[in-house]
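None of the figures in this text is laboratory data; all of them are computed from the coordinates on show. Just so you know, these numbers come straight off a predicted model, no measurement behind them. Glycine also receives a Cβ, built like all others from the backbone with ideal geometry; neighbour counts cover every protein chain displayed.
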Amino acid sequence: MCDTCGCNVTPGNRKFAYKPVEPGATTISVLQGLLKKNDDQAEHNRAHFDARGILTINLMSSPGSGKTALLEATIAALKSQLKIAVIEGDLETENDADRIRAQGVPAYQIVTGTACHLDAHMVHDALHHMDLDGIDILFVENVGNLVCPASFDLGQHLNIALLSVTEGDDKPAKYPVMFRGADAVLITKTDLLAVLDDFDPAKAERHVRELANPAPILRLSARKGEGMTAWLAWLFGQLAEQRRRVQAGETQRPVIQPEGARLHTELA
Amino acid sequence: MHELSVAQALVEQVEGLAAEHGAANVHLIRVRIGPLAGVVAELLAHAFPLAAAGTRAEHARLDLVEAPIRVRCQTCGAETDATANRLICGACGDWHTNVVSGEELILETVELDIPEHGG
């Protein structure tokens, strides 16, 4: 045993040596993701969506950047062509689900109490309260928070990060984990750009690129209807892509799922 | 403060391993965290005792190993250090890179106290 013979262990390299293991102790190499249980549930949710041909999109942003307003405008534009359902996440109130239901589509409100993010289990529970038959797109509006939701896979296919022009164009640099995991970044409330001289959309875009994120960056105002055409076209493109995947028996994880970590685990 | 959720998931996972191997106690838990995982090591360390209270991991030492941020350039192929909000190539400056280290949130090893069978 190294702890008794002292083989090649000097005071200088002791910290690099294996720690002495107490008698009876066994070291187990695990190399599993810490959120394995959440990730397993997320895979289950994703399989559930794929089996029904549903495209699931996770909307994330700070509170008040216009997630619900975007959903209202999107539903109003698409509800004659597509069946949409929404899962809402908030610490309290049914307000957002009520706003979505007023658009005539099913919505389920997850009230998280004090939890700062949704996880795959909460979404799974919500799915049991919803009729998903014939649904084309399921939106999950995450808790307004630029930090915590980025770490939890819900089973979605795509992540969208919203950045409203009142928030500052350096938000992607300040919250890199969130913005590097976005499959699309929406710069919202662009109608206010006329009265804000300190938000430069090009600068926001540059910060996203510095996160090595090639995602499309769309500018829109849900309230004024600006830029909605490109957003809706992107959605239709993604829905077509999801239908192709389902036909081919493939699926897609959002880029938030760390490929590097998985690679590292496999190589280690 | 989602670190408590992460700590609870960690303890649950370690408890499962302890039960699987018939361990009485957990001595050490080693976790590798990258800055891009969105989990703060200090907060996880603070949350751990709360999550571990009353479990076989209660007296375990939590060893948090920070992974460096490294990117590989798709354009020039260089592998260089980067920071969380500047994941660009350190050699040629291109932003078309892949993160090869820094987004880990991995339970690497656990040291279990396994009583010997039959004394």
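Shielding of peptide A:151-161 by partners, expressed as the average count of other chain Cβ atoms within 10 Å per residue Cβ, is 1.
With neighbours defined as other Cβ atoms within 10 Å of a residue's Cβ, the residues A:Arg243, B:Arg86 order from fewest to most as A:Arg243, B:Arg86.
With bins 10 Å wide beginning at 0, the percent of Cα pairs of the stretch A:137-268 falling in each bin runs 11, 38, 36, 12, 3, 0. Between helix B:41-52 and chain B there is an angle of about 20 degrees, using the helix long axis and the longest principal axis of the Cα atoms. Here the peptides B:13-23, B:38-48 are ranked by packing, the mean other Cβ count within 10 Å, and the order with the highest first is B:38-48, B:13-23.
Highest mean packing first, where packing is the average number of other Cβ atoms within 10 Å per residue, the peptides A:197-204, A:226-233, A:96-103, A:32-39 line up as A:32-39, A:96-103, A:226-233, A:197-204. Amide H contacts under 5 Å for A:Leu163: A:Leu186, A:Ile187, A:Thr188, restricted to partners 5 or more places along the chain or on a different chain, H placed in the peptide plane at 1.01 Å from N.
Look at B:Glu111, A:Glu141 and count the other Cβ atoms within 10 Å of each Cβ; fewest to most, that gives B:Glu111, A:Glu141. Defining a contact as two alpha carbons under 8 Å apart and six or more residues distant in sequence, what relative contact order in percent does the stretch A:182-227 show? Here the relative contact order equals 59 percent. Its relative contact order, with pairs defined as Cα atoms under 8 Å and 6+ residues apart, puts the stretch A:102-175 at 35 percent. Pairs exceeding a 23 Å alpha-carbon distance, out of A:Lys83/A:Lys171; A:Lys37/A:Lys83; A:Lys67/A:Lys174: A:Lys83/A:Lys171; A:Lys37/A:Lys83.
Inter-chain neighbour count for A:56-68: the average number of beta-carbon atoms from partner chains within 10 Å of each residue's beta-carbon is 0. For the segment B:62-69, counting C-beta atoms of other chains within 10 Å of every residue's C-beta and taking the mean gives 1.
Inter-part distance, the stretch A:113-189 to the stretch B:73-111, computed on C-alpha centroids, equals 24 Å.
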